[in-house]
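Everything below concerns the one structure shown next.
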Amino acid sequence: MSTIPNPFGQVLVALVTPMNADGEVNWADVEKHIDDVITAGADGIVVTGTTGETSTLTDPEKIRLVEVAKQVAGDRAKVITGGGSNETAHAIELAKKSEQAGADGNMIVTPYYNKPTQAGVLTHFRMIADATDLPVILYDIPGRTGVQITYETILRAAKHPNILAVKDAKGDLSEVSRVLNQTDLYYFSGDDANVLPSLAIGATGLIGVTANIAATPYRQMVDAVNAGDLRTATAAHQSLEPLVRATMTHVPGTVATKYILHGLGRISSPRVRLPLVGPEEWEAAQIEDELDLVKDITGVSFDNFRPDRNAAAGGALPKVAGTTR
């Protein structure tokens, strides 16, 4: 475990960005949703990440999300900016503006699409980490970026004084153990199904999608692991399993999460921005079948779940494209 105090929290929500039916950000819903997840037990929120539809947000929207999150969270939870960029100069600019807006940390995703070498990946991380005083979480998700952060690169990156953590979505727990044994990095599970296994081998916490819907059982799970209570942690894991499956296996997590939150009456619209679209009829039916199996999750009841497949259909074209510059 790191000798540096954890600046991020343990139960972090990879926050969706609520939108209106026309695809514009619904700022009232953003504030309400942030307050909801913090009240439910989150001690950190990641805005403008993958789940927040970073690829189709404009830079001004990203900075305002940091500002609004900080205003709502106050001292109750840490606010992490999670968008990044596959252009190093752009990522540096976003990091600086996010720091000025009040962010408590910066999550840097591996450059996507351009597929740099590990030397390029490491240089990208170091230059962004150099640009601000924000503590950094490296985001390792090769399924989306096409490039993993290798074990050797993680070891080298860990020597940077601002790089303090990794969000791991590779699912290779043996490598997580190896890095934890050789660095002081904090590790966060980036795979909702593997939160408890990751905690069991020494991970710090989670940056979760399903926590948008049910943060409380993750809070219970983490607190139980901290207390050495495996029975309680396992019960939370088992209760969450069908909800995780509903959220993460049939359509992109952002799409399913908004569909479920809207059905629960917690956001005004399930709209996502193109090229994401709402679930098709058969996909919505699969999600709903999984939700029928959800029982006894603290803080969430599906007794009055009212899904709206028509409201979720299609995707929106925003008024302003989320261009790099």
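Could you list all residues from region 231-245 that are surrounded by 20 or more Cβ atoms within 10 Å (Cβ to Cβ) and either among the charged types (D, E, K, R) or at pLDDT below 95 (or both)? Residue satisfying the conditions is Arg245 alone.
The test for being buried (at least 19 other Cβ atoms within 10 Å of the Cβ), under 20 Å from Lys96 (Cα atoms) and not small (Gly, Ala, Ser) holds for Val46. The residue that is nearest to the chain's Cα centre (by Cα), among those in region 243-268 that are among the charged types (D, E, K, R) and within 15 Å of Ile297 (Cβ to Cβ), is Arg245. For Gly228, are the conditions met, namely being touching a residue at least 24 places away in the same chain (Cβ under 8 Å), surrounded by fewer than 17 Cβ atoms within 10 Å (Cβ to Cβ) and not hydroxyl-bearing (Ser, Thr, Tyr)? Answer is no for this residue.
Contact annotation: residue pairs with Cβ atoms under 7 Å, 6 or more positions apart or on different chains, pairing a residue in region 251-272 that is at pLDDT 95 or above with a partner that is crowded, with 22+ Cβ neighbours inside 10 Å and of a type in the set (D, E, K, R), are Thr254/Glu53; Ile267/Lys258; Pro270/Lys258; Val272/Glu53; Val272/Lys258. Of the set (1) open to solvent by 10 Å² or more (accessible area, probe 1.4 Å); (2) closer than 28 Å to Ile267 by Cα; (3) hydroxyl-bearing (Ser, Thr, Tyr), all apply to Thr210 but (1).
Scanning region 270-287 for residues that are under 22 Å from the mean Cα position of the chain (by Cα) and not in a helix (DSSP H, G or I) yields Pro270, Arg271, Val272, Arg273, Leu274, Pro275, Leu276, Val277, Gly278, Pro279. Restricting Pro18, Pro7 to residues that are within 16 Å of the chain's Cα centre (by Cα), modelled with pLDDT of 95 or more and not β-branched (Val, Ile, Thr) narrows the list to Pro18. Among the charged types (D, E, K, R), closer than 20 Å to Leu206 by Cβ and modelled with pLDDT of 95 or more: is that true of Asp168 in this structure? Here the answer is yes, as Asp168 does meet what is asked.
The values are calculated or read from the model by the stated rules, or taken from the named source; none is laboratory data. This one's a predicted model, so the numbers in the text were calculated from it and none came from an experiment. Every residue, glycine as well, gets a Cβ built from its backbone with ideal geometry; the counts of neighbours run over all protein chains shown. Quick note on the areas: whole protein, heavy atoms, side chains included, nothing else; ligands and nucleic acids left out. Shrake-Rupley method; radii C 1.70, N 1.55, O 1.52, S 1.80 Å.
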